[in-house]
Amino acid sequence: MSHHLLSVDSLNRDRVDHLLRIAARMEPIAGRQKVTRVLEGAVLGNLFFEASTRTRVSFNAAFCRLGGSVCDTTGFTFSSMAKGESLYDTSRVMSGYCDAIVMRHPEQGSVAEFAAATHIPVINGGDGPGEHPSQALLDLYTIDKEFARLGKTLKGAHILLTGDLLHGRTVHSLIKLLSLYDPMRITLVSPPGLEMPAALVDLVTSRGHRVEVRDSLASDFSDLDVVYTTRIQKERFTAEMSETFAGVSDDFTIHKRFIDQRCSPSTIVMHPLPRDSRTGANDLNVDLNGDPRLAIFRQTDNGIPMRMAIFATLLQVDDLIEEDLRPVRWFVPAQTGTLDR
Amino acid sequence: MSHHLLSVDSLNRDRVDHLLRIAARMEPIAGRQKVTRVLEGAVLGNLFFEASTRTRVSFNAAFCRLGGSVCDTTGFTFSSMAKGESLYDTSRVMSGYCDAIVMRHPEQGSVAEFAAATHIPVINGGDGPGEHPSQALLDLYTIDKEFARLGKTLKGAHILLTGDLLHGRTVHSLIKLLSLYDPMRITLVSPPGLEMPAALVDLVTSRGHRVEVRDSLASDFSDLDVVYTTRIQKERFTAEMSETFAGVSDDFTIHKRFIDQRCSPSTIVMHPLPRDSRTGANDLNVDLNGDPRLAIFRQTDNGIPMRMAIFATLLQVDDLIEEDLRPVRWFVPAQTGTLDR
Amino acid sequence: MSHHLLSVDSLNRDRVDHLLRIAARMEPIAGRQKVTRVLEGAVLGNLFFEASTRTRVSFNAAFCRLGGSVCDTTGFTFSSMAKGESLYDTSRVMSGYCDAIVMRHPEQGSVAEFAAATHIPVINGGDGPGEHPSQALLDLYTIDKEFARLGKTLKGAHILLTGDLLHGRTVHSLIKLLSLYDPMRITLVSPPGLEMPAALVDLVTSRGHRVEVRDSLASDFSDLDVVYTTRIQKERFTAEMSETFAGVSDDFTIHKRFIDQRCSPSTIVMHPLPRDSRTGANDLNVDLNGDPRLAIFRQTDNGIPMRMAIFATLLQVDDLIEEDLRPVRWFVPAQTGTLDR
């Protein structure tokens, strides 16, 4: 494995399998039965040039749970860069302070540029419209874990990706990861103009998967295993698209009625979050809260073991974790993992 | 004890006594003679949607001194919520990352709403005009500790609350906690229009305490044990109040002359801080700096053992601390705790 | 040693030598061969009232590598001070939360004012045009380390300081530290109007060093050991200076041609960073990237062992480090310290 994680494109089936396996090994720690201190003394530079509290805290907490310390930077207030410092200089300087870097930046390619200047592991925490590989990995880990619970396998599964499939960085990365596995059926549903890029459809098809493209959810999905929905960001629409899309937005919202009537009792619902819960928003509906098929919070929970796995693998402590475990001494609510989790 | 700390209203005498007792047990750690690592591996989400550096650092330091790690978020830049994420979603997500949450938010009730969606312990760090229970607890702990030093007891004590008793969240919570104890005498002095709400006065009276309400400090307070003063926030005044209040503001300022001439050598002076030290401010006067009766910095110091006690109790490690103590190895200034402390 | 570090003026030769020695002892930790936990349980208040990500992260990482925990505050959002809280109050409050303070503040003298109110160690992380002693110490440490590698000594060395020598806080502090050592030759080159203050030149001369002042780099520097260059901040120019300076700016830029043609294969190039890498900037040129004589990233790397040395000395654990060392367990890239480092 390269000692960076910049894109899912650098991952083959073996590497992904390794990360899934190590993530599973992190479950007793993520689930707070065990504690490890294997990264004691290590420092993570958690550099967020763009706000993303959820992702920042997730990486931060994952590194802490391995025993390390975290230096956060947030916002556009990174003073040196405002004074004309290059990414090269910033990278070289941070490499002397830290043992690993997570970087989020609004400009595509900037994380790779930063990584090219350093020997310490760099993880892409999202570079604008570019990549966000840890999200795709935790999504795949979630599907794998849910399927294990339900006695299903990826082979032959039916997965629906819906919403804005044109701009959705997460669905692009996820479909690439899924394509590494045994043949499955993938249905893509989006409003006209927001379709999955053809190159991605071709890639997945060429790897033996069956891909169907539709422009409506008005079908039977009774054999569906996963609905993965993403927000339709109206603010990105062209005038033409806004016209086409007027009045149809609700047709792409996933709500309880759709799951109850069109899907099955074992269909799980995923979303990369955050979702817009305000009245009138066309996002994943809150009427599914409390339904055990809603997997969105189990999905974000899985960010911890997967990000621990990424750190442990890049810092090569993945084989040391098990011998370092100690019992947790504080209170862990018995209900953790219940409710609609 | 509920596994949240949202309001002093949820605390009875036993629970408060327990927290005071555990806080006292934390003194060797807060005073840097001892170190514990009982929360090693635990992660605190320290979510400040409203700036309050003092409170944020105090909670952060208290958690660190128990051996845990802290993820801070500050300001209104919590990007997900700006995009329409509900408190429910934020709570569910953060619960997967952290073992406890401290939350400060400008809107009353928001912390309780957040807490309702999670099983991990949530501590209210202040929700606008609502509650700030850890402040009231450290205030009570300060009175208790100062009285022990001076050979006094809460029973029969004379406590003066002054300043803005209408808006002062801290005095409302403190008077509720005091009312749980043996009968004492409480004098309330505020400018007209800024009196303590009648419901609170009735509550305290009904529990057997003697409450006197006045509109001036021009009295004899030679038997006074505690002056607790709060800032009068002129920016909250109505036009009518501004008129009434014009020219009398200094009459409610606590300064050295008042303590010297009206009170006694053992009267202690408290304030929730921050105070406005600029010339012309009508806050607690700086001429008391250096006077041993000024307890305001001992009071903020007490935030550490009390917040450690809150964490230790909610995370149920309060009985493990003593067996886990190790000696501090670094330099602790001999003068800590002296000067006007 | 005073238990603060506010200015290089408080340091004599013995104290500086001690810090250089302790910094060297930190190398196995800074170089990630070893881990220490000697400050486990200690809390650093890292108070940055002015943005300086590089310095903030460097202090943060140094404290973490000693085993301590860090509470960061950044920006002008320190809410209490906005409400009129004095530095005295802020200092007293923070002293109850933390075991040491690093403070950066835009106003000269503010860090000293803060330090006067507390018994815990305070380190000046830069107070506007005032002092930034840890930068000068890491600069001196870099020269010392580079010289040891090259078989050189400070005695008799030839050091060039160039750029804005009037406003450059770092060159003022560095020249004071250098002046404590055996006689050397110091050449000062700056545009007219940006000369080193005469009082500093007199001080250095009075201590037996040979100082030459020039207004151009057009000379032979074949015996030069160090070029220390600083950015010329045009935004600070008066109208008259702008006129004088027009067209000559490039004459003070250090680039590969200057080093190749005028200096020697063992001349090292230093800069306090950040540098402006944008096209047209008159800062240290990027064409030296990759040249082993460019010491700027080794220089920032040295911030970690030097800041660890400062913390260890002020907190009096400098003699405990060696007995507390444990091996690092994670991956350390073999290339660290190579490339142009």
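Against the condition within 14 Å of chain C (Cβ to nearest Cβ) and either over 26 Å from C:Ala62 (Cβ atoms) or modelled with pLDDT of 95 or more (or both), how does A:Asp139 come out, does it pass?
no
From B:Val122, B:Val93, B:Val57, B:Val102, which residue is crowded, with 20+ Cβ neighbours inside 10 Å, free of Cβ contacts under 8 Å to residues at least 24 places away in the same chain, under 26 Å from B:Ser173 (Cα atoms) and β-branched (Val, Ile, Thr)? Even if it seems obvious, please write down each step before you answer.
Values: B:Val122 fails: free of Cβ contacts under 8 Å to residues at least 24 places away in the same chain; B:Val93 fails: under 26 Å from B:Ser173 (Cα atoms); B:Val102 fails: free of Cβ contacts under 8 Å to residues at least 24 places away in the same chain.
Matching residue, one of B:Val122, B:Val93, B:Val57, B:Val102: B:Val57.
Go through region B:267-281 and give me each residue that's more than 7 Å from every other protein chain (Cβ to nearest Cβ), buried (at least 18 other Cβ atoms within 10 Å of the Cβ) and of a type outside the set (Ser, Thr, Tyr). Reasoning before the result, please.
First, pick out the residues of region B:267-281 that are more than 7 Å from every other protein chain (Cβ to nearest Cβ): B:267-272, B:279-280.
Among the residues that remain, those that are also buried (at least 18 other Cβ atoms within 10 Å of the Cβ) are: B:267-272.
If the condition is that a residue be more than 7 Å from every other protein chain (Cβ to nearest Cβ), buried (at least 18 other Cβ atoms within 10 Å of the Cβ) and of a type outside the set (Ser, Thr, Tyr), then B:Ile268, B:Val269, B:Met270, B:His271, B:Pro272 are the ones that fit.
Evaluate the following for B:Ile22: is it more than 9 Å from chain C (Cβ to nearest Cβ), among the aliphatic types (A, V, I, L, M) and surrounded by fewer than 22 Cβ atoms within 10 Å (Cβ to Cβ)?
Numbers: more than 9 Å from chain C (Cβ to nearest Cβ): yes; among the aliphatic types (A, V, I, L, M): yes; surrounded by fewer than 22 Cβ atoms within 10 Å (Cβ to Cβ): yes.
In short, yes.
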Worksheet item: Within region B:93-107, can you find the residues that are at the interface with chain A (Cβ under 8 Å from one of its Cβ atoms) and either among the β-branched types (Val, Ile, Thr) or under 28 Å from the mean Cα position of the chain (by Cα) (or both)?
Response: B:Val93, B:Met94, B:Ser95, B:Tyr97, B:Cys98, B:Asp99
Practice prompt. Exactly one condition in (1) in a strand (DSSP E or B); (2) at pLDDT 95 or above is not met by A:Leu20; state its number.
Written response: (1)
Worksheet item: Do we find that A:Ile296 is within 11 Å of chain B (Cβ to nearest Cβ), aliphatic (A, V, I, L, M) and either surrounded by fewer than 19 Cβ atoms within 10 Å (Cβ to Cβ) or free of Cβ contacts under 8 Å to residues at least 60 places away in the same chain (or both) in this structure?
Response: yes
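Taking the stated definitions as given, is C:Glu146 among the charged types (D, E, K, R) and farther than 18 Å from C:Ala295 by Cβ?
no
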Practice prompt. Would you check which residues across region A:196-206 are within 28 Å of A:Lys152 (Cβ to Cβ) and either at pLDDT below 95 or not in a loop (DSSP other than H, G, I, E, B) (or both) and list them?
Written response: A:Leu200, A:Val201, A:Asp202, A:Leu203, A:Val204, A:Thr205, A:Ser206
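Here are some residues: C:Pro265, C:Pro327, C:Pro292. Which one is in contact with a strand residue (DSSP E or B) (Cβ under 7 Å, 6 or more places away or on another chain) and more than 30 Å from C:Ala115 (Cβ to Cβ)? Walk me through it before giving the result.
Details: C:Pro265 fails: in contact with a strand residue (DSSP E or B) (Cβ under 7 Å, 6 or more places away or on another chain); C:Pro292 fails: in contact with a strand residue (DSSP E or B) (Cβ under 7 Å, 6 or more places away or on another chain).
Sole residue among the options that is in contact with a strand residue (DSSP E or B) (Cβ under 7 Å, 6 or more places away or on another chain) and more than 30 Å from C:Ala115 (Cβ to Cβ): C:Pro327.
Looking at region B:180-195, which of the residues that are surrounded by fewer than 21 Cβ atoms within 10 Å (Cβ to Cβ) and either at negative phi or in contact with a Lys or Arg (Cβ under 8 Å, 6 or more places away or on another chain) (or both) is modelled with the lowest pLDDT? I'd like the intermediate steps shown before the answer.
Going through region B:180-195, the residues surrounded by fewer than 21 Cβ atoms within 10 Å (Cβ to Cβ) turn out to be B:180-183, B:185, B:187, B:192-193, B:195.
Still in the running and either at negative phi or in contact with a Lys or Arg (Cβ under 8 Å, 6 or more places away or on another chain) (or both): B:180-183, B:185, B:187, B:192, B:195.
On the way: B:Leu180: 98, B:Tyr181: 97, B:Asp182: 96, B:Pro183: 97, B:Arg185: 98, B:Thr187: 98, B:Pro192: 87, B:Glu195: 95.
By that ranking, first place goes to B:Pro192.
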Practice prompt. Report, by residue number, each residue of region C:105-119 that is buried (at least 23 other Cβ atoms within 10 Å of the Cβ), among the aliphatic types (A, V, I, L, M) and touching a Lys or Arg at 6+ places or on another chain (Cβ under 9 Å).
Written response: C:Val111
Worksheet, complete the sentence: Checked A:Gly68, A:Gly45 against criteria (farther than 23 Å from A:Tyr141 by Cα, at pLDDT 95 or above and within 21 Å of the chain's Cα centre (by Cα)); the one match is A:Gly45
Worksheet item: Pick from region A:157-209 the residues that are more than 20 Å from the chain's Cα centre (by Cα) and basic (Lys, Arg): which of them is farthest from A:Arg275 (Cα to Cα)?
Response: A:Arg207
Worksheet, complete the sentence: Given (1) over 28 Å from A:Asn46 (Cα atoms); (2) of a type in the set (Asp, Glu); (3) within 14 Å of chain B (Cβ to nearest Cβ), C:Asp72 misses just (1)
Item to complete: Would you confirm whether any residue within region A:286-294 is basic (Lys, Arg) and in the same structural domain as A:Met26 (by TED's automatic domain parsing)?
Response: no
Discussion item. Within region C:156-170, does at least one residue satisfy the condition of being modelled with pLDDT of 95 or more and closer than 23 Å to C:Val111 by Cβ?
Written reply: no
Discussion item. Against the condition within 7 Å of chain A (Cβ to nearest Cβ) and surrounded by fewer than 23 Cβ atoms within 10 Å (Cβ to Cβ), how does B:Gly84 come out, does it pass?
Written reply: yes
Worksheet item: Hey, does region B:13-22 have a residue that's free of Cβ contacts under 8 Å to residues at least 60 places away in the same chain, under 28 Å from A:Ile304 (Cα atoms) and charged (D, E, K, R)?
Response: no
Fill in: Subset of region B:31-49 that is under 29 Å from A:Ala51 (Cα atoms) and of a type in the set (Gly, Ala, Ser) - its residue that is nearest to the other protein chains (Cβ to nearest Cβ)
B:Gly41
Worksheet entry | Residue satisfying all of: in region C:290-309; assigned to a loop (DSSP other than H, G, I, E, B) and at pLDDT 95 or above; nearest to C:Thr230 (Cα to Cα) among these | C:Ala295
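The values are calculated or read from the model by the stated rules, or taken from the named source; none is laboratory data. The shown structure was predicted, so the numbers you read here are calculated from the model rather than taken from an experiment. Note that each Cβ is placed from the backbone with ideal geometry, even for glycine, and that neighbours are counted across all protein chains shown.
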